[in-house]
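Chemist: Below is the structure I would like to discuss, written out as C-alpha cells.
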Amino acid sequence: MMSDETPNKNTPKRSRTVARVAAVQALFQCEQGGENAETVISQFQRHRLAGSAENGFEDGYVPDADFRLFGLIVKGVTLSQDRIDAALVGALPANWPLIRLDPVLRALLRAGVWELGEDVPARVVINEYLDVAHGFFSGDEARLVNGVLDALSRKTSAPQQEDPAAPDAPEEP
C-alpha cells in the first residue's frame, strides 16, 4: 500500500515501471513453466514482490512494484493472448515468426500490446516498454519493441479516426 508520504515525485512512476518489469518476468514464467496467471501472480506476491528494501533485482526481487498494475497486466495478457499474438504476427516481418523471438522479448511485446488496448497513452506504453527492453537486452531488441509497438499503436488508433461510418449503416446490394 502506498502512503501519502513518498520520498520523491518519481516513486509512483518507478513503481509502475517496476510492475511492468515484474509482469514481463511473470509472463515469461507462465509460458516457460506452463503455469497459469493466478499461480504465478500469487508466487510473485509471496516471494518476489514482498522483499525488503535491502533486496533487489539481483536477488530475484522486484521491490516497490505497483502490485495492482502487475496483476492487471499478467491477467490481461493471459486472457487476451490469442488476440495479442495475432496482432504481433501481423506486425512482425513475415520471415520472423512470433515463436522465433526470445521468450522474454515475446513476453515484453505481449505486455506492451495489451497495455496499448488500455486507457494508457501510446507514447507512455512505448517509452515504458523501451525502458524495460533496455533492462533486459543490450542489442537491437529495443528497436524492435519500438517499431512493433509504434506500428500497432498507429494501427489501433487509425480506424477510429478514419472510419466515421455508423456501424448499422445499410449495406449496398
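The values are calculated or read from the model by the stated rules, or taken from the named source; none is laboratory data. Note that the structure is a prediction, hence the values are computed from the model and not measured. A quick note on method: Cβ atoms are made from the backbone with ideal geometry, for glycine too, and the neighbour counts reach across all protein chains shown. Surface areas here come from the heavy atoms of the whole protein model, side chains and all, with no ligands, DNA or RNA. Shrake-Rupley method; radii C 1.70, N 1.55, O 1.52, S 1.80 Å.
Chemist: Spin-label point model (7 Å from Cα, Cβ direction): what's the His134 to Arg68 distance in nm?
Modeler: Simple spin-label model gives 2.8 nm for this pair.
Chemist: Now for a separate question. Going by accessible area, probe 1.4 Å, with all protein chains left in place, what is the ranking of Glu38, Glu141, Glu115, largest first?
Modeler: Result, largest first: Glu38, Glu141, Glu115.
Chemist: Oh, and also: If you take every residue apart from Glu118 with its C-beta less than 15 Å away from the C-beta of Glu118, what net charge results, scoring Lys and Arg +1 and Asp and Glu -1? It would help to have the intermediate numbers written out before the result.
Modeler: Working: positive: Arg16, Arg20, Arg68, Lys75, Arg83, Arg110, Arg123; negative: Asp66, Glu115, Asp119, Glu128.
Surrounding charge for Glu118 is +3.
Chemist: Considering only the other residues whose Cβ falls under 10 Å of the Cβ of Gln81, what net charge follows from Lys and Arg at +1 and Asp and Glu at -1?
Modeler: Computed value for this residue: -1.
Chemist: Between Glu118 and Arg46, 0.36 nm times their residue separation minus their Cα-Cα distance comes to what?
Modeler: 23.2 nm
Chemist: While we're looking at this one, here's another question. With a Förster radius of 22 Å, plug the Cβ-Cβ distance of Ala151 and Asn95 into 1/(1 + (r/R0)^6) and report the FRET value to the nearest 0.05.
Modeler: Details: r = 16 Å, r/R0 = 0.75.
It comes to 0.85.
Chemist: Which shape class, rounded, prolate or oblate, goes with region 65-147 when its Cα gyration tensor gives a ≥ b ≥ c as root eigenvalues, a/c under 1.5 marks rounded, and past that a/b bigger than b/c marks prolate?
Modeler: Oblate shape, in that a/c is at least 1.5 and b/c is the bigger or equal ratio.
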